[in-house]
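Trainee: Okay, here's the structure, questions in a sec.
The values are calculated or read from the model by the stated rules, or taken from the named source; none is laboratory data. Since the model is a prediction, treat every value here as computed from it, not as a measurement. Heads up, the Cβs are rebuilt from the backbone with ideal geometry, glycines too, and the neighbour counts pull from every protein chain shown. Just so you know, the surface numbers come from the protein's heavy atoms only, side chains and all, with ligands and any DNA or RNA stripped out. Shrake-Rupley method; radii C 1.70, N 1.55, O 1.52, S 1.80 Å.
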Amino acid sequence: MSTGRGARRTGVLVVGASAAGLATVEALRREGYTDPITLLGGEHHLPYDRPPLSKQVLSGAWRPEQTLLRPPRQLTGFDCDFVLGKPALALDLASRTVSTATGEFTADHVVLATGATPRLFPGTEGITGVHVLRTLDDALALRDALRTARRVVVVGEGVLGAEIAATASRSGLDVTLTGPQSAPMAAQLGPLAAERLAALHTGEGVRLRLGVGVRGCTARDGAVTGVVLEDSHELPADLVVIAIGAIPMTDWLIDSGLTLDNGIVCDAQGRTAPGVYAAGDVARWHHPALGTAIRLENRTSATLQAGVVAATITGVERAHQPIPYFWTDQFDAKIQVHGLITADANARVVEGDPADGRFVVAFDRAGVPAAVLGWNMPKQVAAYRRALVEVYSPAPVPAP
């Protein structure tokens, strides 16, 4: 067990050079925190934005430096020590010391913002032509591979898989999208919008092989040759992208004493242990308004949660109870979803017409607003979002 002796000391140690990690640094300085801050990142890159990876970076429209969340000159203004290329290996709660392969860091406060790592199929390790997309390096490797590929199979019909399929199709490749749902993003969008998205992909040349699970990949001489479905049908491919979700990066914390359950369990202020906090994709917290524990993988929640954690560290108590939000850009569609769409929600088109490619869908459960979806109607969907405020972020009840 580490005692923290000989470790580098800092006021706040942020573990993870992620959007949540950088937002924590910014929020701390904004809140007036003046003690030293260290940001420890496992990658060699300065904090960058992930949403463009599956679109602008993958298509070649953006250079890697265009993904930076802040330019290097602005980062120097935060008076933060950026330690990159040093993955965290262990956390000692008693001393709040984080160990890496080359040293230790001890802090008054530790913020865990390590994000998530892609889920893989067993048996695909070491097969040439099988890719995931989570990091900037992943995106650049996949972009290079797409230049010489002919037939691409994307495994996973969620938001990331659908975006990758759209980008690869626009690049002129033969693309098949497969997964167990009946339509792309069916669980995230509901049947109406998901069917519209399926029609959009099909119209752009993407082959949809949906409604069936995937058994694994086939290979010859170490190179991928296809994807085998649960019905034994094989989809030929010389490039396969696995996009079947992500796992919170908590393996390094298994022996730490923290509560781990589909993420780092924390309260609405981000606390997971005395002086230790979690934020972003890795955090699973009790949402006060929903009355349940949730974990969100999106930039908006990560940034808001980082602000709550920074406030807690500086002595200001407020709860993280956001309206869940995500967006996706595929072909000519910009889709935005506020709230949580569930299978038991009632849906109705409140503006526009799906046939015209511009519409808003409102969802409710037993008459209570649950979510709103906008398809190429950003201003209109923002107006309907107001109905969700009292559901997800109700005003506190005054004390008697």
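Trainee: Compute the accessible area per residue over the chain, keeping the other protein chains in place, probe 1.4 Å, unit Å².
Mentor: Accessible surface, normalised per residue, equals 44 Å².
Trainee: I've got another one for you. Just the number, please: percent antiparallel of the DSSP beta bridges in the stretch 253-360, rounded to the nearest 5.
Mentor: Given both bridge residues lie in the stretch 253-360, the antiparallel proportion sits at roughly 85 percent.
Trainee: How much mean residue ellipticity at 222 nm does the chain get from its helices, if each DSSP H run of length 4 or more adds -39500 (n - 2.57) and you divide by all residues, to the nearest 500 deg cm²/dmol? Don't skip to the answer; put the middle values down first.
Mentor: Working: 10 runs with 88 residues, N = 400.
After summing the helix terms and dividing by the residues of the chain, the value is -6000 deg cm²/dmol.
Trainee: Next question. Please state the shape class of the stretch 153-241: rounded when a/c is under 1.5, otherwise prolate if a/b exceeds b/c and oblate if not, all from the C-alpha gyration tensor.
Mentor: Working: a/c = 2.37, a/b = 1.48, b/c = 1.60.
It comes out oblate by the Cα gyration axes.
Trainee: Kindly state, to the nearest 0.05, the FRET efficiency for A289 paired with H233, given R0 = 41 Å and r defined as their beta-carbon distance.
Mentor: The value I calculate is 0.35.
Trainee: Which of the trypsin sites (Lys or Arg not before Pro) across the stretch 34-139 are loop residues per DSSP, with 14 or fewer other Cβ within 10 Å?
Mentor: Working: sites: K55, R73, R96, R119, R134; in loops: K55, R96, R119, R134.
Within the stretch 34-139, the qualifying trypsin sites (Lys or Arg not before Pro) (loop, at most 14 other Cβ atoms within 10 Å) are R119.
Trainee: Carbon and sulfur: what percent of the stretch 194-253's accessible surface (1.4 Å probe)? Could you put the intermediate results ahead of the total?
Mentor: Numbers: 1290 of 2740 Å².
The nonpolar share, carbon plus sulfur, comes to 47 percent.
Trainee: Considering amide H positions built from the backbone, and no H for Pro or chain starts, which residues 5 or more places from F326, or on another chain, come under 5 Å of its amide H?
Mentor: V337
Trainee: With labels modelled as points extended 7 Å from the Cα through the Cβ direction, what inter-label distance (nm, one decimal) is found for E195 paired with N262?
Mentor: It works out to 2.8 nm between the two label points.
Trainee: Give me a comma-separated list of calculated 3J(HN,Hα) values for the stretch 106-112, in order, Karplus coefficients 6.51, -1.76, 1.60 applied at θ = phi - 60°, integers in Hz, x for any Gly or Pro.
Mentor: Values, residue by residue: 10, 9, 5, 9, 10, 10, 9 Hz.
Trainee: Mind listing the long-range amide H neighbours of R134? Cut-off is under 5 Å, sequence gap 5 or more, other chains count too, H placed in the peptide plane at 1.01 Å from N.
Mentor: Close amide H contacts, sequence-distant or interchain: A139.
Trainee: Where does the stretch 25-126 land on Rg/Rh, using Cα atoms and the Kirkwood Rh?
Mentor: Checking Rg against Rh, the ratio lands at 1.02.
Trainee: Measuring from label point to label point, each 7 Å out along Cα→Cβ, what is the T128 to A187 span in nm?
Mentor: If labels sit at T128 and A187, their model points lie 3.4 nm apart.
Trainee: Under a Cβ-only charge scheme (Lys and Arg +1, Asp and Glu -1), can you give me the dipole magnitude of the stretch 210-329 about the Cα centre, in debye to the nearest 20?
Mentor: Here the size comes out at about 460 debye.
Trainee: So, one more: Heads up, I need the accessible area for F331: 1.4 angstrom probe, whole protein in place, Å², nearest 10.
Mentor: It works out to around 40 Å².
Trainee: Please report the antiparallel percentage of the DSSP beta bridges confined to the chain, to the nearest 5. Before the final figure, lay out each step's value.
Mentor: Numbers: 50 of 87 bridges.
In the chain, approximately 55 percent of DSSP beta bridges are antiparallel ones.
Trainee: Tell me, in nm to one decimal, what length is gained between L84 and R9 on full extension, where the rule is 0.36 nm per residue of separation less the Cα-Cα distance?
Mentor: Going from the current span to full extension adds 25.3 nm.
Trainee: Carbon and sulfur atoms: what percent of the 1.4 Å accessible area of the stretch 328-375 do they account for? Let's see the in-between values first.
Mentor: Details: 990 of 2070 Å².
The nonpolar share, carbon plus sulfur, comes to 48 percent.
Trainee: So for the pair A94, R348, with labels modelled 7 Å out along Cα→Cβ, what separation do we get in nm?
Mentor: Going by the 7 Å Cα→Cβ label model, 6.2 nm.
Trainee: Apply the Karplus parameterisation 6.51 cos²θ - 1.76 cosθ + 1.60, with θ equal to phi minus 60°, to every residue of the stretch 62-72 and state each ³J(HN,Hα) to the nearest whole Hz, in sequence, with x for glycine and proline.
Mentor: 10, 7, x, 5, 6, 8, 4, 5, 9, x, x
Trainee: Loop only per DSSP, at most 13 neighbouring Cβ atoms within 10 Å: give me the chymotrypsin sites (Phe, Trp or Tyr not before Pro) in the stretch 1-80, ordered by residue number.
Mentor: Answer in residue order: no site qualifies.
Trainee: Counting only protein chains, not ligands or nucleic acids, how are L53, L192 ordered by accessible area (probe 1.4 Å), most first?
Mentor: L192, L53
Trainee: Given a 1.4 Å probe and every protein chain left where it sits, what share in percent of the accessible area of the stretch 38-128 is carbon and sulfur?
Mentor: Of the solvent-accessible surface of the stretch 38-128, carbon and sulfur hold 53 percent.
Trainee: What are the residues whose amide H is under 5 Å from the amide H of V214, where those residues sit 5 or more places off or on another chain and H is modelled from the backbone?
Mentor: Under 5 Å from the amide H of V214 lie the amide H atoms of E230, each far enough along the sequence or on another chain.
Trainee: I'd like the Karplus ³J(HN,Hα) series for the stretch 297-307: coefficients 6.51, -1.76, 1.60, θ = phi - 60°, whole numbers in Hz, and an x wherever there's a Gly or Pro.
Mentor: Calculated HN-Hα couplings, in order: 10, 8, 4, 4, 5, 4, 5, 5, 5, 4, x Hz.
Trainee: Assuming R0 = 22 Å, can you tell me the calculated FRET efficiency for the pair T218 and R147, based on Cβ-Cβ distance, to the nearest 0.05?
Mentor: Working: r = 23 Å, r/R0 = 1.05.
Calculated value: 0.45.
Trainee: Round to the nearest 0.05 the FRET efficiency obtained for R73 and D108 when R0 = 30 Å and r is the Cβ-Cβ distance.
Mentor: Between R73 and D108 the formula returns 0.60.
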